[in-house]
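Accompanying notes for the structure given below.
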RNA sequence: GAGAGCGUAGCUCAGUCGGUAGAGCAAAGGACUUUUAAUCCUUGGGUCGAGGGUUCGAGUCCCUCCGCUCUCACCA
């Protein structure tokens, strides 16, 4: 491997990948032989390709009399005959700014003693033309050692080729990084969903829509933070290792601290620590972060996912509703999209205000039954394949609601005012004790946000905790009574509205991604 | 966890009724000074996911296992 064999690497390699790798290693050695560093160096003052494209108007035609005229609009997408246009202008030459760019070679063509590269950076693609004679002989030698995927830097003049394509006419090449693996197919990119997730680095480079999705995700998250900053929210970081996995009904991941010989759980929710901070006087508090639930995997579920929870002192669930709408609307604006989005083939209209309907209203509208008609509801439950026997009538209502109503909610729609018995940990409406001050936001059957007027009565909270734990089977009851949380409430948590939003699902909706795995950079996969 | 589907060259994909493994891109060699997925000529590249079985003969049929995708369940 170290001494260079006289025979062709193609014949000495055992398989095709070996051939690709051997060819690239061979070129790497030749680059070193030219006295160049195949792994590149610091490269100051380069422009992003987007910035270079912004200089397109500086490319002009200077006539013989010294006056400069702008070029016709070449960027309509169609190739044009720039050569003919130049011919009509008479004597003169094209002028353009000197630029420095760097990026990955995604396309490469040679036409005799001309080499065309298309390079890509974070912001876009641009064509590079390298004519023999315009660069040093060593640089032109180097073009023969370039492979798809290599990183190069270029100094050159911005101009246009005969077809009007904006192009950097290279004066100097700077080799940046050799790639030792071949890129995916150059038209189709990387298609295999498993490979796209496992090798996200390849996916991001060669599937621009994948990169755009993740860049949008970042913009959405930045937008949420900025919306909350407008309302004077304080962002905090709670612990991810919990001694008691509380705040939601989900199975936690279990881990262990060696030095303390202590069983620990990865957090399943952010709620209980944020509420402690409310007691501590951080009146508007939120955390956006990862939670871990030891549950199944589906297009809507990943074992670790990102959620935001926030608590607003002296507010209630109605304030949360306004805030939820503002967060989503501003996030859409931040992605540069209009309010009319597509979700697969289905449209979603995010034009505010979002619909608001009560749970009871929706239930009666979709089932044609009164919500207190237990017998009728039990009959309907049986008809749609549910088993209502022995269940509390409110539980049957909830199951029927999930079956008959939720999936048909196109939304965005706020479902408000849940039956109190379904949400024991929520504050009751002061005007009607059978109603819990809660809403959920649904979009195309997907639950996107969940909010409450929070219960801050420690005595009631404790007794409800106990009731809830009593009702749980042993293996489901991973959680224990969080006595410290109750103690915190006893020190006084202000009345407050609380809100949780599934960030991954929001990103799915705003990027038209049908799977959560398309909006999580590195979703959980089995061992390769 | 249950059911269905898929796995063929580095990548994207064909592969008929069970009869010697195919294409495009990529790679190697060559031609070309304005190409746009450049084009043209030549060449090499396969443990058909793994293992077992049926058969004269298996990419193809059967079984087991591994991985992925979809649907359902748990869940957000």
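The values are calculated or read from the model by the stated rules, or taken from the named source; none is laboratory data. Worth saying up front: this structure is predicted, and the values here are computed from it rather than measured. Here the Cβ is made from the backbone with ideal geometry for all residues, glycine too, and neighbour counts use every protein chain on show.
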Review point. Looking only at the stretch A:325-373, which residues are in a helix (DSSP H, G or I) and closer than 30 Å to residue A:393 by Cβ?
Key: A:359, A:360, A:361, A:362, A:363, A:364, A:365, A:366, A:367
Point to revise | Meets criteria (part of a strand (DSSP E or B), surrounded by 18 or more Cβ atoms within 10 Å (Cβ to Cβ) and away from RNA strand B (no atom under 13 Å from the Cβ)) for residue A:101 | key: yes
**Study point:** Which listed residue is in contact with a strand residue (DSSP E or B) (Cβ under 6 Å, 6 or more places away or on another chain), within 12 Å of RNA strand B (Cβ to nearest atom) and either assigned by TED's automatic domain parsing to the domain that holds residue A:118 or at negative phi (or both), from A:154, A:135
**Key:** A:135
Review point. Which one of the conditions (1) more than 31 Å from the chain's Cα centre (by Cα); (2) over 27 Å from residue A:74 (Cβ atoms); (3) within 11 Å of RNA strand B (Cβ to nearest atom) does residue A:174 fail to meet, given that it meets all the rest?
Key: (3)
Review point. Residue A:197 versus (1) within 13 Å of RNA strand B (Cβ to nearest atom); (2) crowded, with 20+ Cβ neighbours inside 10 Å: which is the lone unmet condition?
Key: (2)
Review point. If you go through the stretch A:323-342 one residue at a time, do you hit one that is buried (at least 21 other Cβ atoms within 10 Å of the Cβ) and not assigned by TED's automatic domain parsing to the domain that holds residue A:221?
Key: no
**Study point:** Residue in the stretch A:426-443 that is touching a helix residue (DSSP H, G or I) at 6+ places or on another chain (Cβ under 9 Å), surrounded by fewer than 22 Cβ atoms within 10 Å (Cβ to Cβ) and assigned to a helix (DSSP H, G or I) present
**Key:** no
Exercise for review: Looking for whichever is within 12 Å of RNA strand B (Cβ to nearest atom), part of a helix (DSSP H, G or I), on the phi < 0 side of the Ramachandran plot and surrounded by fewer than 20 Cβ atoms within 10 Å (Cβ to Cβ) here; the options are A:140, A:148. Which one fits?
Suggested key: A:140
Revision key, fill the gap. Picking from A:211, A:173, the residue that is in contact with a helix residue (DSSP H, G or I) (Cβ under 7 Å, 6 or more places away or on another chain), outside any loop (DSSP other than H, G, I, E, B) and either in contact (Cβ under 8 Å) with a residue 60 or more places away in the chain or surrounded by fewer than 18 Cβ atoms within 10 Å (Cβ to Cβ) (or both) would be A:211
Practice item. Within the stretch A:104-123, track down each residue that is in a strand (DSSP E or B) and either out of contact with any strand residue (DSSP E or B) (no Cβ under 9 Å at 6 or more places or on another chain) or on the phi > 0 side of the Ramachandran plot (or both). Key: A:111
Study note, to complete from the structure: Exactly one of A:2, A:11 is in a loop (DSSP other than H, G, I, E, B), at pLDDT below 85 and over 28 Å from residue A:172 (Cα atoms), and that one is A:2
**Study point:** Test: residue A:115 is away from RNA strand B (no atom under 14 Å from the Cβ), under 38 Å from the mean Cα position of the chain (by Cα) and surrounded by 19 or more Cβ atoms within 10 Å (Cβ to Cβ)
**Key:** no
Review point. How many residues are within 8 Å of RNA strand B (Cβ to nearest atom) and assigned to a strand (DSSP E or B) when one looks only at the stretch A:301-316?
Key: 4
Review point. Among (1) out of contact with any helix residue (DSSP H, G or I) (no Cβ under 8 Å at 6 or more places or on another chain); (2) under 25 Å from residue A:185 (Cα atoms); (3) within 14 Å of RNA strand B (Cβ to nearest atom); (4) not in a loop (DSSP other than H, G, I, E, B), where does residue A:126 come up short?
Key: (1)
Revision key, fill the gap. Among strands (runs of 3 or more DSSP E) entirely inside the stretch A:218-300, those with 3 or more residues being surrounded by 16 or more Cβ atoms within 10 Å (Cβ to Cβ) and more than 19 Å from the chain's Cα centre (by Cα) are A:262-266, A:284-292
